[in-house]
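The structure appears right after this line, and notes come after that.
The values are calculated or read from the model by the stated rules, or taken from the named source; none is laboratory data. In this text the structure is predicted, and so the values were computed from the model without any measurement. Glycine gets a Cβ as well: all are built from the backbone with ideal geometry, and neighbour counts include every protein chain shown. What goes into the accessible areas is simple: the full protein's heavy atoms, side chains included, and nothing from ligands, DNA or RNA. Shrake-Rupley method; radii C 1.70, N 1.55, O 1.52, S 1.80 Å.
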Amino acid sequence: MAVASHRKVITETELDSTVKALSRMPLAEAERILLPDVQNNGALRGDLQAMRILARVQLSKGKTVEALQVAERILQGAEAFKHNTEKGPALYLIGSIYNRENQKEKALDAFLKAAPWSEKYGDAFESFSNYYEAANIQFNGDNLEASAALLNRALHLYHLEPENFNSNDRLTVVMGAWNTLGLAYMKLGKNASSLLALRASQKLAEETRNAFWAGLTTGNIGTLYHRTGQYDSALLMCAIDKKVSLKFGNWHSAANAIFVMGSTYEKLGRRAEARQAFDTVGILIRAHHFMMPEYYNKVAGFYSEAGDYKTAYSFTRKFQAERDSILAKRNSSERANLQAAFDFEKKLANHNLVVKDNQLKDEQLKTQSFLTITIALGLGLALVLISFLYRRNRFRKKVNKDLEDKVKTRTRKLLEANRELDTFLYRSSHDLRRPITTILGLNNIGQHLIKEELAREILQKVNLTARAMDLMLLKLATSHDLNNHAVELSIIRFNELLSDVIKKFEADLNEQNIRIAVSVDEVRFVSDERLLRIIIMNLIDNAIHFSNPEHTNAIHIHVTEEQGELVLEVSDKGIGIAQPFHNEVFKPFFRGSERSKGNGLGLYLVKKALDKLGGKIRFQSAVGKGTFFSVTIPNE
């Protein structure tokens, strides 16, 4: 295993091999091997290569903050000692670290700075990689024109120096560039350019015998043929993609290929074959549990055309549920990325603080040693040194304060972003409820004016959908209210409170033939009535939503007092909650069953209200037998 040192400069191939070998070791052992060289100041190129190896090994171990520190040292050394060939790799490494931490703007800036520098001083693949990574960031941000321009620049370098792309790993990256360029052109409506790019990716995959990539690009060509009306060619390409995807166990890709085939059969008027293709997609979805909302929308159209509006409505609800779930996951992912970026910045600031502190400590140790030696030279010189230490200590405090201020500023910005998002959800939910209220009013008028049975049934479905949407928006508004609600204590009259809440569910209880039994012990309880109302309403709503249509349903509510705490118990005989989901039920937008008619907010609001009251909740549940919730709340 070759390791760069101040005595030897190694090739990029040797450097890559060294990184792979050291990445298989524990990080501490790899750092011990590289330590003699990375402690140097980077005056020699071999030292910078050793630092680059260390940073890449740290990055492979998830140590992004430490890797960024080393990469910035490489950049400083390359600029200070004019090692032009090391500046491009350092910028690429910095871009890769920021990309890993979802700080896309900083990553894009680093890649775009590195690309021309590598083009001038590095090899073709190094520059290609920078343009390619920058293009992927632009593509994922829907900046398609910019992405296409960067990809064309990268592929131009490949055409100029193909000998620098002679390994399978590098050629796989080139295939990806052609494929992404084809997809960008497809989205831009430049179909001829898209076809040329996708065929180039397909040809390279076939030449390198990469069956997976060949199937992938062939499927994309099939999608393009479908869009341009070349249906026979589309069927041929998608059939190949289906076969390859099934071979490699890529079920979602196989389902996409079959879906395009079904849509193509539909365009050709071959209804039976189209229906068979979509049924196959459904089998794959159920067997391998992935989301594909466009399938449910397509099948809903089939049933609607056949006049089976009830089944069509059922598939439409599944389409809406999956689409809403994907949107919720995307929003959750964006917030998680924002939090991760904040955490990375905070960790980086703390790491810088530790580094500065260690540097200052080293300086103090040197100063103290110097003071010990020179104290005999005279009191005057000692006073000068004391003055120097005083200024040094003031500098240290200033550095610490500056770093602390940066952390506080970033914390404040994150809190402001959360508040803005919370306010946006609250205002949006209120604004959206107005048109839904209008829809409900018009629906009620329609119910009285229209006598045709089928039309009344459709109006009833519209009414149910609008009520569900109104309930979801109301719960979003309730979530905002809980964030800003101050606890207001009063004596709780449980019989009246329960009776009032149950009345709101009379229509649902009667419609689903659910019996409700209430038992309230004599208790004197002081708490916040509004928060208790939220808890009770959502527990009852949850029990109704998950009732079991296969047998008689009942909800039992019991209120008692134990050891100075209120105990509220709600049990049902519904479908129950599967064991794998027990740790997920209190998360927002979670739905553990395809049969769920709810929006995934009810139990989340229960938990949030209990947190305000200092209460706790536990539950027991078994599939097919029902669920038992027990809530304990301190008596104020």
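Just need log10 I(q)/I(0) for the stretch 198-284 at q = 0.10, 0.11, 0.18 Å⁻¹, Debye formula, equal scatterers on the alpha-carbon atoms, no solvent, rounded to two decimals.
These q points yield log10 I(q)/I(0) values of -0.23, -0.27, -0.69.
Label residue 452 and residue 270 with points 7 Å out from Cα along Cα→Cβ: what is the distance between them in nm?
3.7
For the modelled label position 7 Å from the Cα of residue 561 along Cα-to-Cβ, which residues of the stretch 512-541 have backbone nitrogen atoms closer than 13 Å?
Of the residues in the stretch 512-541, 521-527 have backbone N under 13 Å from the label point off residue 561.
Can you give the accessible area of residue 571 in Å² (nearest 10), computed on protein heavy atoms with a 1.4 Å probe?
Here the residue's solvent-accessible area equals roughly 30 Å².
What base-10 log of the normalised intensity I(q)/I(0) is obtained for the stretch 481-636 from the Debye formula, alpha carbons as equal point scatterers, at q = 0.14, 0.18, 0.21 Å⁻¹?
For the requested q values the scattering log ratios are -0.68, -1.13, -1.50.
What does the accessible area of residue 260 come to, in Å² to the nearest 10, when a probe of 1.4 Å is used?
20
Using only the Cα atoms of the stretch 261-314, build the gyration tensor, take square roots of its eigenvalues as a ≥ b ≥ c, and label the shape rounded, prolate or oblate: rounded if a/c is under 1.5, else prolate if a/b is larger than b/c, else oblate.
oblate
Separation between the residue 405 and residue 8 pseudo-spin-labels, each 7 Å from Cα along Cα→Cβ, expressed in nm?
Modelled inter-label distance: 5.0 nm.
What shape does the stretch 50-128 take by its C-alpha gyration tensor, where a ≥ b ≥ c are the square roots of the eigenvalues and a/c under 1.5 counts as rounded, a/b above b/c as prolate, and the rest as oblate?
oblate
List the lysines whose Cα sits under 21 Å from the Cα of residue 451, skipping any in the same chain fewer than 8 residues away.
310, 461
So if we plug the beta-carbon distance of residue 233 and residue 60 into 1/(1 + (r/R0)^6) with R0 = 41 Å, what FRET efficiency do we get, rounded to 0.05?
That pair, residue 233 with residue 60, gives E of 0.45.
Mind checking the alpha-carbon convex hull of the stretch 112-170 and giving the volume per residue in Å³?
73
For the stretch 520-576, which GluC sites (Glu not before Pro) are both in a DSSP coil and crowded by at most 11 other Cβ atoms within 10 Å?
Filter output for the stretch 520-576: 522, 550.
Please give the contour-minus-distance gain from residue 386 to residue 587: 0.36 nm per residue of separation, less the Cα-Cα distance, rounded to one decimal in nm.
This chain segment gains 66.5 nm when fully extended.
Counting only the backbone N, which residues of the stretch 199-223 are under 20 Å from the spot 7 Å out from the Cα of residue 288 toward its beta-carbon?
The answer is 210-223, whose backbone nitrogens lie closer than 20 Å to the label point.
Between the DSSP loop rule and a limit of at most 12 other Cβ atoms within 10 Å, which trypsin sites (Lys or Arg not before Pro) in the stretch 17-67 are left?
24
With the Cα gyration tensor of the stretch 191-237 giving a ≥ b ≥ c as the square roots of its eigenvalues, does the rule (a/c under 1.5 for rounded; else a/b larger than b/c for prolate; else oblate) give rounded, prolate or oblate?
oblate
Considering every pair of different Cα atoms, what Kirkwood radius, in Å, is found for the stretch 33-95?
11.2
Which chymotrypsin sites (Phe, Trp or Tyr not before Pro) does the stretch 534-636 hold that lie in a coil by DSSP with at most 13 other beta carbons within 10 Å?
none
In square angstrom, rounded to the nearest 10, how much accessible surface does residue 537 have for a 1.4 Å probe?
60
Roughly what would the spin-label model give for residue 488 and residue 550, points 7 Å off Cα along C-beta, in nm?
4.6
Tell me which lysines have Cα within less than 19 Å of residue 616's Cα, excluding those fewer than 8 residues away on the same chain?
Hits, sequence-local ones excluded: 587, 607, 608.
May I ask for the percentage of alpha-carbon pairs in the stretch 1-139 that lie more than 20 Å from each other?
42
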